[in-house]
1. Just to be sure before I move on: is residue 29 under 11 Å from residue 64 (Cβ atoms), surrounded by fewer than 17 Cβ atoms within 10 Å (Cβ to Cβ) and among the aliphatic types (A, V, I, L, M) in the structure I sent?
2. Every residue in segment 33-49 that is crowded, with 16+ Cβ neighbours inside 10 Å and either on the phi > 0 side of the Ramachandran plot or of a type in the set (A, V, I, L, M, F, W, C) (or both), please.
3. Could you list all residues from segment 35-80 that are among the hydroxyl-bearing types (Ser, Thr, Tyr) and in contact (Cβ under 8 Å) with a residue 24 or more places away in the chain?
4. I need the full set of residues from segment 60-82 which are among the hydrophobic types (A, V, I, L, M, F, W, C) and either closer than 13 Å to residue 19 by Cα or loosely packed, with under 10 Cβ neighbours inside 10 Å (or both), in order please.
5. Need at least 2 residues that are over 11 Å from the mean Cα position of the chain (by Cα) and of a type in the set (S, T, N, Q) per element, so show me which helices (runs of 4 or more DSSP H) inside segment 35-110 make the cut, counting only ones lying wholly within it.
6. Answer with yes or no whether residue 5 is on the phi > 0 side of the Ramachandran plot and loosely packed, with under 12 Cβ neighbours inside 10 Å.
7. Would you check which residues across segment 16-26 are more than 18 Å from residue 92 (Cβ to Cβ) and surrounded by fewer than 12 Cβ atoms within 10 Å (Cβ to Cβ) and list them?
8. If we scan segment 4-15, do we find a residue that is among the aromatic types (Phe, Trp, Tyr) and either under 19 Å from residue 94 (Cβ atoms) or in contact (Cβ under 8 Å) with a residue 40 or more places away in the chain (or both)?
Amino acid sequence: MGTTKSEQFTARQNELSALAKAIGHPARIAIIEYLLQTDACVCGDIVEVLPLAQATVSQHLKELKNAGLIKGSIEGTSVCYCIDENGFEKIKSFFDHVALSITNRKNECC
């Protein structure tokens, strides 16, 4: 397998890439949508609404947490998950920049 040469890109580009990769799975989109509806929950709550095993849901939660899109706090023997606004603000900022650039274009490229 080839190398990604990620060190040749800016820290911001690498960070946005990691955020995009984290939301690049439909199960993670479903988890994010669920967290937006419930504000916070534990893994078992998500397992009840998704067609996935507990271990699979836990792995997806880990990926989202590592990317900075969700955060978790320990409550007894469980971890309570919720949306991490900071990660989504970075994604929003990028797409706002893209949208503004498209709006300000004076000519079409193709």
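No value in this document is a laboratory result; all are computed from the given coordinates. Everything numeric in this text was worked out from a predicted model, so none of it was measured. For neighbour counting, all protein chains shown are included, and Cβ atoms are generated from backbone atoms with ideal geometry for every residue, glycine included.
1. Values: under 11 Å from residue 64 (Cβ atoms): yes; surrounded by fewer than 17 Cβ atoms within 10 Å (Cβ to Cβ): yes; among the aliphatic types (A, V, I, L, M): yes.
It is true that residue 29 is under 11 Å from residue 64 (Cβ atoms), surrounded by fewer than 17 Cβ atoms within 10 Å (Cβ to Cβ) and among the aliphatic types (A, V, I, L, M).
2. Within segment 33-49, 35, 41, 42, 43, 46, 47 meet the criteria.
3. Keep residues of segment 35-80 that are among the hydroxyl-bearing types (Ser, Thr, Tyr), which gives 38, 56, 58, 73, 77-78.
Once the filter is applied, which keeps residues that are among the hydroxyl-bearing types (Ser, Thr, Tyr) and in contact (Cβ under 8 Å) with a residue 24 or more places away in the chain, segment 35-80 yields 56, 78.
4. Here is the first cut: in segment 60-82, the ones among the hydrophobic types (A, V, I, L, M, F, W, C) are 61, 64, 67, 69-70, 74, 79-80, 82.
Those that are among the hydrophobic types (A, V, I, L, M, F, W, C) and either closer than 13 Å to residue 19 by Cα or loosely packed, with under 10 Cβ neighbours inside 10 Å (or both): 64, 67, 69, 70, 74.
5. On the way: elements: 43-49, 54-67, 85-103.
Filter on segment 35-110 gives 54-67, 85-103.
6. Values: on the phi > 0 side of the Ramachandran plot: yes; loosely packed, with under 12 Cβ neighbours inside 10 Å: yes.
Answer is yes for this residue.
7. Within segment 16-26, the first condition is being more than 18 Å from residue 92 (Cβ to Cβ), and the residues that meet it are 25-26.
Matches in segment 16-26: 26 only.
8. So the first thing to find is which residues in segment 4-15 are among the aromatic types (Phe, Trp, Tyr), and the list is 9.
If we keep only those that are either under 19 Å from residue 94 (Cβ atoms) or in contact (Cβ under 8 Å) with a residue 40 or more places away in the chain (or both) as well, we get 9.
Yes; the residues of segment 4-15 include at least one that is among the aromatic types (Phe, Trp, Tyr) and either under 19 Å from residue 94 (Cβ atoms) or in contact (Cβ under 8 Å) with a residue 40 or more places away in the chain (or both).
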